[in-house]
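S.K.: One structure, pasted below without further comment.
The values are calculated or read from the model by the stated rules, or taken from the named source; none is laboratory data. Please read these numbers as outputs of a predicted model, since none were measured by experiment. Note that we place each Cβ from the backbone using ideal geometry, even for glycine, and neighbour counts take in every protein chain shown.
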Amino acid sequence: MTVRTNTPTEAGSWRLGGDLPVRRIGFGAMRLTGTEPFGGGVPRDREQSIAVLRKAVELGVNHIDTAAFYFSATRSANELINRALAPYPDGLVIATKVWPGRDTLGDWWWARPEQLRGQVEENLRQLGRDHLDLVNLRVPRSGRADSIGDHVGALAELRDAGLIRHLGVSNVTSDQLTEALAIAPVACVQNPYGIGAPAEDRALLARCGDLGIAFVPFYAIAGSGGEAGPPPEEAANIVAVARTHGVSVAQIKLAWTLHQGAHVLPIPGTGDPHHLEENLRAAEVRLTGQELALLDGSSAAPQG
């Protein structure tokens, strides 16, 4: 496989909200602050995290996903982004999330609709911006059967006030997307998605494509492991396809994700510069129809 230096462009681009062109492989900031999610584990080396952010942009990434609740006792993802990239280059899209919050002790809380403005303003202060390109309303795991209308309405008001350019929804069902669309335009759906995704998740991804809405999958590499990361033993079919291409399992997972539609924009995150470059090179992997069928659970054998 040929290695190029402009790898994010290999996967093409998409216009978030119709007016923000982004390359299809973005960068997730969750692991910048620590070796475990949300700043847990061993703190990342500050200068290395800053270098990874700068390298990502240098290699062509122009879609960064973050949140004010990505922090540890000594690190803040938003502050690292500000330090590494401000003054921000033209065309860089920074997306963040609200509804969850963490207090100074790291304990979680969930914002009422009237508290979302404070969360938006917190992101603005930390990032050093006067407006946010994209704000995703992150729905609680326990709230996927509930109405999200009041919270979407509150974000729509902030968009009308000029604090938000576009809004998205995260960790939602198809019914919740329908509810959100009745209130305001939705630029993206940000949901967990990867190899082995259930039929309802696949249907939502396809629906987003039909509607012209970006689908931003997270945990594309971790799969069912979620925040804990990928399982120690990967499925044999994924390993077989990786060996055929001479790439890592993570690259095959990202390549499969990119094959799910032009509107699919994965945001793999890492604090390791080697893993960053490896993730971006996934755009160069071209999977055959037989390989895609195998990864989808078919018994077809991979071809070299």
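S.K.: Can you tell me which residue is farthest from ILE25 (Cα to Cα) among those in region 248-293 that are acidic (Asp, Glu) and surrounded by fewer than 21 Cβ atoms within 10 Å (Cβ to Cβ)?
M.R.: Top of the filtered list is ASP272.
S.K.: Of all residues in region 173-225, how many are within 21 Å of ASP19 (Cα to Cα) and of a type outside the set (Gly, Ala, Ser)?
M.R.: Summing the residues that are within 21 Å of ASP19 (Cα to Cα) and of a type outside the set (Gly, Ala, Ser) in region 173-225 gives 17.
S.K.: Which one of these is part of a helix (DSSP H, G or I) and either in contact with a Lys or Arg (Cβ under 8 Å, 6 or more places away or on another chain) or not small (Gly, Ala, Ser) (or both): GLN176, GLN190?
M.R.: After applying the criteria, what remains is GLN176.
S.K.: For region 128-138, does any single residue satisfy the condition of being assigned to a helix (DSSP H, G or I) and at pLDDT 95 or above? Don't jump to the end; show me each part of the working.
M.R.: In the first step, residues of region 128-138 are kept if they are assigned to a helix (DSSP H, G or I); the result is none.
No; the residues of region 128-138 include none that is assigned to a helix (DSSP H, G or I) and at pLDDT 95 or above.
S.K.: Can you tell which of GLY226, GLY196, GLY209 is at pLDDT below 95, within 30 Å of ALA242 (Cβ to Cβ) and assigned to a helix (DSSP H, G or I)?
M.R.: GLY226
S.K.: Here is a further query. Looking at region 103-126, can you tell me whether even one residue there is at pLDDT 95 or above, under 24 Å from LEU211 (Cβ atoms) and outside any helix (DSSP H, G or I)?
M.R.: Checked against the condition, which is being at pLDDT 95 or above, under 24 Å from LEU211 (Cβ atoms) and outside any helix (DSSP H, G or I), region 103-126 yields no hits at all.
S.K.: Taking into account only those residues within region 72-102 that are assigned to a loop (DSSP other than H, G, I, E, B) and out of contact with any helix residue (DSSP H, G or I) (no Cβ under 9 Å at 6 or more places or on another chain), which is nearest to ARG15 (Cα to Cα)?
M.R.: Step by step, filter region 72-102, then rank; the result is GLY91.
S.K.: Under 15 Å from the mean Cα position of the chain (by Cα), in a strand (DSSP E or B) and crowded, with 20+ Cβ neighbours inside 10 Å - does that describe any residue in region 31-40?
M.R.: no
S.K.: Pull out all pairs, ordered by first then second residue, where Cβ-Cβ is under 9 Å, the residues are six or more apart or on different chains, the first lies in region 132-153 and is within 23 Å of ASP65 (Cβ to Cβ) and among the acidic types (Asp, Glu), and the second is assigned to a loop (DSSP other than H, G, I, E, B) and at pLDDT 95 or above.
M.R.: These pairs meet every condition: ASP133/GLY17; ASP133/LEU92.
S.K.: Shifting gears a bit: Exactly one condition in (1) buried (at least 22 other Cβ atoms within 10 Å of the Cβ); (2) touching a Phe, Trp or Tyr at 6+ places or on another chain (Cβ under 9 Å); (3) part of a helix (DSSP H, G or I) is not met by VAL22; state its number.
M.R.: Every condition holds for VAL22 apart from (3).
S.K.: Those residues that are in contact with a Leu (Cβ under 7 Å, 6 or more places away or on another chain) and among the aliphatic types (A, V, I, L, M), I need them from region 93-120; list them, please.
M.R.: VAL93, ILE94, ALA95, VAL98, LEU116, VAL120
S.K.: Separate question: Across region 165-187, what is the number of residues that are touching a helix residue (DSSP H, G or I) at 6+ places or on another chain (Cβ under 8 Å) and touching a residue at least 60 places away in the same chain (Cβ under 8 Å)?
M.R.: 2
S.K.: While we're on this one: Which condition number does PHE69 fail, the rest of (1) in contact with a Gly (Cβ under 7 Å, 6 or more places away or on another chain); (2) part of a loop (DSSP other than H, G, I, E, B); (3) surrounded by fewer than 24 Cβ atoms within 10 Å (Cβ to Cβ) being met?
M.R.: Condition not satisfied by PHE69: (3).
Residue-wise test of (1) surrounded by fewer than 16 Cβ atoms within 10 Å (Cβ to Cβ); (2) under 29 Å from ILE213 (Cα atoms); (3) touching a His at 6+ places or on another chain (Cβ under 8 Å); (4) basic (Lys, Arg).
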| position | (1), (2), (3), (4) |
| --- | --- |
| GLU47 | yes, no, no, no |
| ASN62 | no, yes, no, no |
| ALA84 | no, no, no, no |
| VAL98 | no, yes, no, no |
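S.K.: Let me ask you something else. Return the pairs, sorted by first residue and then second, in which the second residue is surrounded by fewer than 24 Cβ atoms within 10 Å (Cβ to Cβ) and of a type outside the set (Phe, Trp, Tyr), the first residue lies in region 15-42 and is without any contact (Cβ under 8 Å) to a residue 12 or more places away in the chain, the beta carbons are less than 6 Å apart, and the residues are 6+ apart or on different chains.
M.R.: Going by the 6 Å Cβ cut-off, the qualifying pairs are ARG15/PRO21; GLY41/GLY34; GLY41/THR35; VAL42/THR35.
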